[in-house]
């Protein structure tokens, strides 16, 4: 009689880790997700079979399972202390996530809102920093990235990096932000050139540059408000 196949001998599409990579995390059952945590089962059960049995004892309810402590989990053959701790820790993270209030990202649909939101980040800096704020279709912030840090009057900007982050964030649009430590509220030729390059490069990927805002400690200049692009 042929012995039981262990997980690494299964068809690749049936392995939990490969299934997650190929089909995404939501395609996995609770037992498969738990099996990824413990890594292996016993000589009698695969990790998935073992996790199905544990879940069955918990009435297939993760809230019930979260009440199982390390000692309880260690009663199952194939679950040692390290695996039990991994399960308890993962379920505790899930509980904490539920307890945390959902962070409401700001809607950045005006230069004033951008300045009020980001002023503290750039205030009193002795050097220039160039940031990009990435937005969804509703102008809600989905990511923010420091692109470059320079001296008192110059910051290198890598256009490829700006666009790479935009694609990773699935951004619909973006806002360019940098500060002038000198307090000068005037767009330099370098400021205009990098804005023009970024606007044109982003258009090729159907991403819009909504604005470029220059910050000082007490005021700001918006390219869009000033009609600079």
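The values are calculated or read from the model by the stated rules, or taken from the named source; none is laboratory data. A quick note: this is a predicted structure, and the numbers were derived from the prediction, not measured. For neighbour counting, all protein chains shown are included, and Cβ atoms are generated from backbone atoms with ideal geometry for every residue, glycine included.
Looking only at residues in region 16-38 that are surrounded by fewer than 16 Cβ atoms within 10 Å (Cβ to Cβ) and part of a loop (DSSP other than H, G, I, E, B), which one is modelled with the highest pLDDT?
29
Scanning for something surrounded by fewer than 19 Cβ atoms within 10 Å (Cβ to Cβ) and at positive phi, does region 200-211 turn up at least one residue?
Restricting attention to region 200-211, the residues satisfying the condition of being surrounded by fewer than 19 Cβ atoms within 10 Å (Cβ to Cβ) are 200-201, 203-206, 208.
From the residues that got through so far, the ones that are at positive phi too are 206.
For region 200-211, residues surrounded by fewer than 19 Cβ atoms within 10 Å (Cβ to Cβ) and at positive phi: present.
From 108, 55, grab the single residue that is at pLDDT 95 or above and more than 28 Å from the chain's Cα centre (by Cα).
Details: 108 fails: more than 28 Å from the chain's Cα centre (by Cα).
Among 108, 55, only 55 is at pLDDT 95 or above and more than 28 Å from the chain's Cα centre (by Cα).
Find the residue count for region 39-87, including only residues that are part of a helix (DSSP H, G or I), in contact with a helix residue (DSSP H, G or I) (Cβ under 7 Å, 6 or more places away or on another chain) and more than 26 Å from residue 18 (Cβ to Cβ).
2
Yes/no per residue for (1) in contact with a strand residue (DSSP E or B) (Cβ under 6 Å, 6 or more places away or on another chain); (2) under 19 Å from residue 124 (Cβ atoms); (3) assigned by TED's automatic domain parsing to the domain that holds residue 205:
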{"site": "140", "(1), (2), (3)": "yes, no, yes"}
{"site": "156", "(1), (2), (3)": "yes, no, yes"}
{"site": "159", "(1), (2), (3)": "no, no, yes"}
{"site": "168", "(1), (2), (3)": "no, no, yes"}
{"site": "174", "(1), (2), (3)": "yes, no, yes"}
{"site": "181", "(1), (2), (3)": "no, yes, yes"}
{"site": "188", "(1), (2), (3)": "no, no, yes"}
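Across region 4-15, which residue is modelled with the lowest pLDDT among those that are closer than 25 Å to residue 81 by Cα and part of a helix (DSSP H, G or I)?
Per the stated criteria, the residue is 7.
For the list (1) at pLDDT 95 or above; (2) within 24 Å of the chain's Cα centre (by Cα); (3) not assigned by TED's automatic domain parsing to the domain that holds residue 195, I need the number of the one condition that residue 80 fails.
(2)
Suppose we filter region 168-186 for residues that are surrounded by fewer than 17 Cβ atoms within 10 Å (Cβ to Cβ) and either touching a helix residue (DSSP H, G or I) at 6+ places or on another chain (Cβ under 8 Å) or under 16 Å from residue 210 (Cα atoms) (or both); how many remain?
In the first step, residues of region 168-186 are kept if they are surrounded by fewer than 17 Cβ atoms within 10 Å (Cβ to Cβ); the result is 168, 170, 182-186.
Keeping just the survivors that are either touching a helix residue (DSSP H, G or I) at 6+ places or on another chain (Cβ under 8 Å) or under 16 Å from residue 210 (Cα atoms) (or both) gives 170.
Residues in region 168-186 being surrounded by fewer than 17 Cβ atoms within 10 Å (Cβ to Cβ) and either touching a helix residue (DSSP H, G or I) at 6+ places or on another chain (Cβ under 8 Å) or under 16 Å from residue 210 (Cα atoms) (or both): 1 in total.
Any idea which of (1) part of a loop (DSSP other than H, G, I, E, B); (2) modelled with pLDDT of 95 or more is the one residue 115 doesn't satisfy?
Unmet condition: (1).
What single numbered condition from (1) over 23 Å from the mean Cα position of the chain (by Cα); (2) crowded, with 19+ Cβ neighbours inside 10 Å fails to hold for residue 156?
Exception for residue 156: condition (2).
Within region 201-211, identify whether any single residue is modelled with pLDDT under 95, in contact with a helix residue (DSSP H, G or I) (Cβ under 6 Å, 6 or more places away or on another chain) and within 19 Å of residue 223 (Cα to Cα), and answer yes or no.
No, that holds for no residue.
So residue 229 fits all but one of (1) in the same structural domain as residue 128 (by TED's automatic domain parsing); (2) in contact with a helix residue (DSSP H, G or I) (Cβ under 7 Å, 6 or more places away or on another chain); (3) in contact (Cβ under 8 Å) with a residue 24 or more places away in the chain; what number is the exception?
Among (1) in the same structural domain as residue 128 (by TED's automatic domain parsing); (2) in contact with a helix residue (DSSP H, G or I) (Cβ under 7 Å, 6 or more places away or on another chain); (3) in contact (Cβ under 8 Å) with a residue 24 or more places away in the chain, the lone unmet condition for residue 229 is (1).
Kindly establish whether residue 136 is surrounded by 14 or more Cβ atoms within 10 Å (Cβ to Cβ) and over 25 Å from the mean Cα position of the chain (by Cα).
On the way: surrounded by 14 or more Cβ atoms within 10 Å (Cβ to Cβ): yes; over 25 Å from the mean Cα position of the chain (by Cα): no.
Here the answer is no, as residue 136 does not meet what is asked.
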